[in-house]
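**Student:** Here it is, the structure, as structure tokens.
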Amino acid sequence: MTLNLLAAVILTLHPLRMRRGLLNLACGLAIVGVWIEKGMGLIVPGFVPTPVGEMFDYAPTAVEVGVSLAVWAFGLMVFTVLAKVAIPIETGRLTAAGRRPAQPATPGQPFPGAPTAPGG
């Protein structure tokens, strides 16, 4: 839980989030934190004996392995499709049709398309 909270703090505070090293650290902390949290909650109860003291061995069937692989494959496919759209937008290589990438505003100048004052 501590890893997740630290990652959330880094990702929430803008000055920290803008530093590439801290951003990578926060993403890694979030992944490891969720992995540990969910792993302990899902794996450990499987090794707890029954009230009569019996332990059961378990091995996933081919269908369970196939379903797990299909879920992973679908998740990676969705990530790939979204990344192919998001990365060009974030880097400025993809813009609206016929428009140039936005230029940073100059202080004191109205943004493009802003209404002008009457008579001015």
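None of the figures in this text is laboratory data; all of them are computed from the coordinates on show. As the structure is a computational prediction, the values presented were derived from the model and not from experiment. Cβ coordinates were reconstructed from backbone atoms using ideal geometry, including for glycine residues, and neighbour counts include every protein chain displayed.
**Student:** Going by how many other beta carbons lie within 10 Å of each one, how would you line up 82, 22, fewest first? Don't skip to the answer; put the middle values down first.
**Tutor:** Details: 82 10, 22 15.
So the residues, fewest neighbours to most, are 82, 22.
**Student:** Also: What FRET efficiency comes out for residue 61 versus residue 8 if R0 is 35 angstrom and r is the Cβ-Cβ distance? Round to the nearest 0.05. List each step's numbers first, then the result.
**Tutor:** Numbers: r = 38 Å, r/R0 = 1.08.
After rounding, the FRET efficiency stands at 0.40.
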